[in-house]
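Have a look at the structure below, then the notes.
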Amino acid sequence: VFIPGNHDWGNLRGEAGLARARNMAEHLAGWAASGTAAVAFLPQAGDPGPANLDLGRHARILALDGHWWLQGEEPEARAAVMSRIADAMDGAGDRHVVIASHLPLLTGGPHGGTIPFFPTFGLRFLAHKSGMLIQDVTAKPYKELIAAFHDVFDRVGPPLAMAGGHDHSLQVLEGTLPDGRTYTQLLSGAGSKLTDMRPVPGMAWGRRAPGYMRITFLEDGGALLHVTAGAAAYKQCDGDGDVRLQCMAAAADSMHASFPEARRAPGSPQPPLLRSRAIIPETGTSKAWAPATRFVVPSLVTRPITSVTT
């Protein structure tokens, strides 16, 4: 499933951006129709969502187009979207809910303000602080989006996780609602590009490296988070023929489980999983870990960050 973001809209608004999103959707639909790949573009181009995907008895994915929100849509339209999200979460029953949107609610990357001052002579930094950059969490419509999600979580309870990208790194973060309840933000945007990342409040783990995240939903109602990352040198393989193949093989060999701690979900009938000696040792690298992290429902994260690997 491909979920649209600002690049799918060409960082444009209105009909010009919508034309770009529709072009992407049509391209993927062609792949699906030909049998080349089982892919879908959700929600449909121009539709903010949510598009609901139920994965058996244990999970519900809500796919949203966050860029739609940033275009200054009418308050009534925004409220209707949030109402549908609340209804979809409330109607999920015993399923875990994961909300998938390109825009994260939390990030330790450039869109969250971790911007070096000197490379742009402070201009990028000042633009972020002033809220001028529509794609940054300090922009007025972005802050309104975060507040709207917090309001929904306050009413119907937090999801198992928010899953997004936008910044080009791997991050596991914990947000806090006004009443003290928490929610987990997974940020996985390091498929083909890397950007800076620094510790921010609520960050449990982060790494500036190519990789991906995977959630496995278990028959006993638990869920496992797998974060796999590789060497930054292999974010792109140049060259042709054997040179590229050798680079790709080396990249595959460098991939390893990177978010290691295993915990028992409350109420799980299974015995506790073996606990690793540390999520992130002081060296910033994992030397002892279980292959996955068992979610603590409803939150994934239970401790503050100790280090960030960059």
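Has segment 59-77 got at least one residue that is outside any loop (DSSP other than H, G, I, E, B), at pLDDT 90 or above, open to solvent by less than 50 Å² (accessible area, probe 1.4 Å) and in contact with a Ser or Thr (Cβ under 7 Å, 6 or more places away or on another chain)? There is at least one residue in segment 59-77 that is outside any loop (DSSP other than H, G, I, E, B), at pLDDT 90 or above, open to solvent by less than 50 Å² (accessible area, probe 1.4 Å) and in contact with a Ser or Thr (Cβ under 7 Å, 6 or more places away or on another chain).
Would you point out which residue out of ALA38, ALA19, ALA88 is of a type in the set (A, V, I, L, M, F, W, C), in a helix (DSSP H, G or I) and open to solvent by 30 Å² or more (accessible area, probe 1.4 Å)? Break it down stepwise before answering.
Values: ALA38 fails: in a helix (DSSP H, G or I); ALA88 fails: open to solvent by 30 Å² or more (accessible area, probe 1.4 Å).
That would be ALA19, the only listed residue that is of a type in the set (A, V, I, L, M, F, W, C), in a helix (DSSP H, G or I) and open to solvent by 30 Å² or more (accessible area, probe 1.4 Å).
Tell me yes or no: at least one residue of segment 233-242 is within 19 Å of MET162 (Cβ to Cβ) and either over 14 Å from the mean Cα position of the chain (by Cα) or surrounded by 15 or more Cβ atoms within 10 Å (Cβ to Cβ) (or both). For segment 233-242, residues within 19 Å of MET162 (Cβ to Cβ) and either over 14 Å from the mean Cα position of the chain (by Cα) or surrounded by 15 or more Cβ atoms within 10 Å (Cβ to Cβ) (or both): absent.
For the condition under 17 Å from ILE99 (Cα atoms) and open to solvent by 20 Å² or more (accessible area, probe 1.4 Å), LEU224 qualifies. Of everything listed in (1) surrounded by 15 or more Cβ atoms within 10 Å (Cβ to Cβ); (2) in a loop (DSSP other than H, G, I, E, B); (3) of a type outside the set (D, E, K, R), the single unmet condition for LEU28 is (2). Here ASP154 meets each of (1) touching a Ser or Thr at 6+ places or on another chain (Cβ under 8 Å); (2) loosely packed, with under 15 Cβ neighbours inside 10 Å with one exception, condition (1). With a requirement of 1 or more residues that are surrounded by fewer than 20 Cβ atoms within 10 Å (Cβ to Cβ), the strands (runs of 3 or more DSSP E) lying completely within segment 171-217 that satisfy it span 182-188, 211-217. Annotation: of all residues in segment 41-86 being of a type in the set (D, E, K, R) and more than 17 Å from the chain's Cα centre (by Cα), the one that is nearest to ALA19 (Cα to Cα) is ASP47.
Within this structure, ALA163 passes the test of being within 29 Å of GLY72 (Cβ to Cβ), part of a strand (DSSP E or B), open to solvent by 20 Å² or more (accessible area, probe 1.4 Å) and at pLDDT 90 or above.
The values are calculated or read from the model by the stated rules, or taken from the named source; none is laboratory data. Keep in mind it's a predicted model, so treat the numbers as computed, not measured. So basically every Cβ, Gly included, is an ideal-geometry build from the backbone, and we count neighbours across all protein chains shown. We work out accessible area using only protein heavy atoms, side chains counted, and drop any ligands, DNA or RNA first. Shrake-Rupley method; radii C 1.70, N 1.55, O 1.52, S 1.80 Å.
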